[in-house]
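The values are calculated or read from the model by the stated rules, or taken from the named source; none is laboratory data. Note that the structure is a prediction, hence the values are computed from the model and not measured. Cβ atoms come from the backbone with ideal geometry, glycine included; neighbour counts cover every protein chain shown.
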Amino acid sequence: MRTPRDIECWLTDKDGVLVHGEVPIAGASDLINCWVDTSRRFQVLTNDSSYTARDLSARLDKAGLIVPEENLWTSALATADFLASQHPGARVYVVGEAGLTAALHDAGFVMVEEKPDYVVLGETHNYSFEAITLAINHIIGGARFIATNPDTIGPGTFGVLPATGSVAALITSATNRQPYVVGKPNPMMFRSAMNRIEAHSETTAMIGDRMDTDIVAGIEAGLFTVLVLSGITGRKDLDRFPYRPSLVVESVDELRKML
């Protein structure tokens, strides 16, 4: 049986594991410093495609967490990586924010308004009826449909906001086409992050706060999985799932003490 001390490389979710909004979770900074001090390779994963890795690094720095941009892996970066393996230099119509457009641009894709090979849908707080209508018509016209993540809601100032999954459902209803979703719980996002740091599944762990995304995808990728109870999933929720994480801890502070 693997233990935290056997792990050489770490993948971790961001929200609910390292931070709550802009507030760091106790032990998060110490855990990251421990990885750095012991030369552990790590990647912080997020399904949020709206920010670039540089933006996220700056936001985490404001919260007191020093995470270089090369240690951040977003669903936007994973989507660009996936498309680069499928159709290098494809023409793409993008509905999303700077994090997604920058990732696709850096990967060599051409962003167009007409005759795209792909429609790529990501997170944005500025969805427009015109952009969604154009995406629908492109998909009906033969463009392949990609979504960065399946999350249906996200946090907002006055409650929850519709997220990528909700808009994808609207487009699917209009086109009868399901998107290929790259982000968690697709294990592909984990494998692309692991490739980035040359990690092997036998000695890699995934830390997450959601059984239905972080943990199930980690299990399917063959990783050691750590559920923290500082986010979405509570201890009482565990019996609802037919699978179990390798380890359950209250927070990353408890995990850090096991290393």
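Take the residues in the range 188-217 that are among the acidic types (D, E) and more than 23 Å from L83 (Cα to Cα), then tell me which one is surrounded by the fewest Cβ atoms within 10 Å (Cβ to Cβ).
In this case the residue turns out to be E202.
Among the listed residues D117, D37, which satisfies the condition of being surrounded by fewer than 18 Cβ atoms within 10 Å (Cβ to Cβ) and either closer than 29 Å to T133 by Cβ or free of Cβ contacts under 8 Å to residues at least 12 places away in the same chain (or both)? Working first, answer last.
Working: D117 fails: surrounded by fewer than 18 Cβ atoms within 10 Å (Cβ to Cβ).
Within the list D117, D37, the selection yields D37.
H138 passes all but one of (1) over 30 Å from C34 (Cβ atoms); (2) exposed (fewer than 13 other Cβ atoms within 10 Å of the Cβ); which number fails?
With (1) over 30 Å from C34 (Cβ atoms); (2) exposed (fewer than 13 other Cβ atoms within 10 Å of the Cβ) applied to H138, the lone miss is (2).
Conditions first: (1) at negative phi; (2) modelled with pLDDT of 95 or more. P162 passes all but one, so which condition is the exception?
(2)
Which of (1) surrounded by 16 or more Cβ atoms within 10 Å (Cβ to Cβ); (2) free of Cβ contacts under 8 Å to residues at least 60 places away in the same chain; (3) not assigned by TED's automatic domain parsing to the domain that holds G231 is the odd one out, the single condition I153 does not satisfy?
(1)
Looking at the range 97-129, which of its residues are under 18 Å from the mean Cα position of the chain (by Cα) and either on the phi > 0 side of the Ramachandran plot or outside any loop (DSSP other than H, G, I, E, B) (or both)?
Of everything in the range 97-129, those that are under 18 Å from the mean Cα position of the chain (by Cα) and either on the phi > 0 side of the Ramachandran plot or outside any loop (DSSP other than H, G, I, E, B) (or both) turn out to be A98, G99, L100, T101, A102, A103, L104, V120, L121.
Testing D15 on (1) free of Cβ contacts under 8 Å to residues at least 12 places away in the same chain; (2) on the phi < 0 side of the Ramachandran plot, one condition comes back false. Which one is that?
(1)
Could you pull out every one of the helices (runs of 4 or more DSSP H) wholly within the range 1-87 that has 1 or more residues that are within 28 Å of Y180 (Cβ to Cβ)?
Numbers: elements: 28-37, 53-62, 75-86.
Fully inside the range 1-87 and qualifying: 53-62, 75-86.
For S230, only one of the following conditions fails: (1) in a helix (DSSP H, G or I); (2) in contact with an Asp or Glu (Cβ under 7 Å, 6 or more places away or on another chain). What is its number?
Unmet condition: (1).
So which residues in the range 80-108 are within 20 Å of M188 (Cα to Cα) and either touching a residue at least 40 places away in the same chain (Cβ under 8 Å) or crowded, with 24+ Cβ neighbours inside 10 Å (or both), if there are any at all?
Once the filter is applied, which keeps residues that are within 20 Å of M188 (Cα to Cα) and either touching a residue at least 40 places away in the same chain (Cβ under 8 Å) or crowded, with 24+ Cβ neighbours inside 10 Å (or both), the range 80-108 yields A80, D81, F82, L83, G99, L100, A103, L104.
Please state which one of A135, A199, A147, A193 is in the same structural domain as L100 (by TED's automatic domain parsing) and under 18 Å from the mean Cα position of the chain (by Cα). Reasoning before the result, please.
On the way: A135 fails: under 18 Å from the mean Cα position of the chain (by Cα); A199 fails: in the same structural domain as L100 (by TED's automatic domain parsing); A193 fails: in the same structural domain as L100 (by TED's automatic domain parsing).
One residue alone meets the criteria, A147.
I'm checking my understanding of the structure. Among residues of the range 120-144 that are free of Cβ contacts under 8 Å to residues at least 40 places away in the same chain and touching a Phe, Trp or Tyr at 6+ places or on another chain (Cβ under 7 Å), which one is nearest to A78 (Cα to Cα)?
Per the stated criteria, the residue is R144.
Of all residues being over 25 Å from F190 (Cα atoms) and part of a strand (DSSP E or B) in the range 146-159, which is modelled with the highest pLDDT? Just the residue, please. Can you show your working first?
Going through the range 146-159, the residues over 25 Å from F190 (Cα atoms) turn out to be 156-159.
Okay, now just the ones that are also part of a strand (DSSP E or B), so 156, 159.
Numbers: G156: 65, G159: 71.
Only one residue fits best here, namely G159.
Can you go through L247, L238, L229 and tell me which one is in contact with a Pro (Cβ under 9 Å, 6 or more places away or on another chain), more than 16 Å from P187 (Cα to Cα) and buried (at least 17 other Cβ atoms within 10 Å of the Cβ)? Show your work before the answer.
Numbers: L238 fails: buried (at least 17 other Cβ atoms within 10 Å of the Cβ); L229 fails: in contact with a Pro (Cβ under 9 Å, 6 or more places away or on another chain).
The unique qualifying residue is L247.
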